[in-house]
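Chemist: For reference, the structure I am asking about is given below.
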Amino acid sequence: MVTNKEVRDMSPAEKEAFHQQAEARIKTFSYRRPEMGQRPKEFAPLCRSELLRIVVQVIKDGGENNLHYHTHSDTAWMVLRGRARFYGVGDKLLGELGPHEGILLPGGSRYWFEKVGDDDYLEILQMIGIESNSAAPPERINLERHKAWMQDDYLQVYEQGPVVAQK
């Protein structure tokens, strides 16, 4: 990643090359709700770069419903449709969100969330900002057992030590 100071120190030709390289990576994206299968949750990835990931999660039941946290990244969530409750340690309510409401969870924040209300599903936008100065990749670290449907390897990483019993 190039800093502002480094850009200011570039020659006009270097600066133009810098801008052209960045502009060559511009992408447009759109969202179409995925078909809901048997799983309680489906994902619609919208875009991804070195520093940013944006996904819509569509949830029939549950949510990110085991206590966990993320390293080397901040996550913002915004409800598009339905309602969600976000909880912290000891099931402390962090917020209940409806359409067009969101929450920022800085890296290291322990949380879980669930779909609530009568809507058929929760549609929630997840925006992940990744630390640019970290040599380590961002990770999801579970503090409680993951759910059976959470089969991807990255969803099954735990802190060392005993796993907290599942609710």
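Chemist: Which ones in the range 114-132 are assigned to a loop (DSSP other than H, G, I, E, B), touching a residue at least 24 places away in the same chain (Cβ under 8 Å) and over 23 Å from Lys92 (Cβ atoms)?
Modeler: Asp119, Asp120, Tyr121, Glu131, Ser132
Chemist: Right, another one. Could you list, in sequence order, all residues of the range 1-42 that are within 22 Å of Pro137 (Cβ to Cβ) and touching a residue at least 40 places away in the same chain (Cβ under 8 Å)?
Modeler: Met1
Chemist: Of the numbered conditions (1) in contact with a Pro (Cβ under 8 Å, 6 or more places away or on another chain); (2) loosely packed, with under 15 Cβ neighbours inside 10 Å, Ser73 fails exactly one; give the number of that condition.
Modeler: Only one criterion in (1) in contact with a Pro (Cβ under 8 Å, 6 or more places away or on another chain); (2) loosely packed, with under 15 Cβ neighbours inside 10 Å is unmet by Ser73, namely (2).
Chemist: For the condition over 23 Å from Pro34 (Cβ atoms) and crowded, with 18+ Cβ neighbours inside 10 Å, what is the one hit in Tyr87, Tyr121?
Modeler: Tyr87
Chemist: Which residue is farthest from Pro106 (Cα to Cα), if the candidates are limited to the range 128-145 and must be loosely packed, with under 13 Cβ neighbours inside 10 Å and small (Gly, Ala, Ser)?
Modeler: Out of the qualifying residues, it is Ala135.
Chemist: Just checking, does the range 45-55 include any residue being buried (at least 16 other Cβ atoms within 10 Å of the Cβ), at pLDDT 90 or above and either touching a helix residue (DSSP H, G or I) at 6+ places or on another chain (Cβ under 7 Å) or of a type in the set (Lys, Arg) (or both)?
Modeler: There is at least one residue in the range 45-55 that is buried (at least 16 other Cβ atoms within 10 Å of the Cβ), at pLDDT 90 or above and either touching a helix residue (DSSP H, G or I) at 6+ places or on another chain (Cβ under 7 Å) or of a type in the set (Lys, Arg) (or both).
Chemist: Looking at the range 96-145 only, could you name the residues that are hydroxyl-bearing (Ser, Thr, Tyr) and more than 11 Å from Arg81 (Cα to Cα)?
Modeler: Ser109, Tyr111, Ser132, Ser134
Chemist: Restricting to strands (runs of 3 or more DSSP E) lying wholly in the range 43-113: which have 2 or more residues that are without any contact (Cβ under 8 Å) to a residue 40 or more places away in the chain and aromatic (Phe, Trp, Tyr)?
Modeler: Once the strands (runs of 3 or more DSSP E) in the range 43-113 are filtered for at least 2 residues that are without any contact (Cβ under 8 Å) to a residue 40 or more places away in the chain and aromatic (Phe, Trp, Tyr), what remains is 83-87.
Chemist: From the set of residues in the range 56-83 that are of a type outside the set (D, E, K, R) and more than 15 Å from the chain's Cα centre (by Cα), which is modelled with the highest pLDDT?
Modeler: It comes out as Gly82.
The values are calculated or read from the model by the stated rules, or taken from the named source; none is laboratory data. In this text the structure is predicted, and so the values were computed from the model without any measurement. Here Cβ is always computed from backbone atoms with ideal geometry, including for glycine, and neighbour counts include all displayed protein chains.
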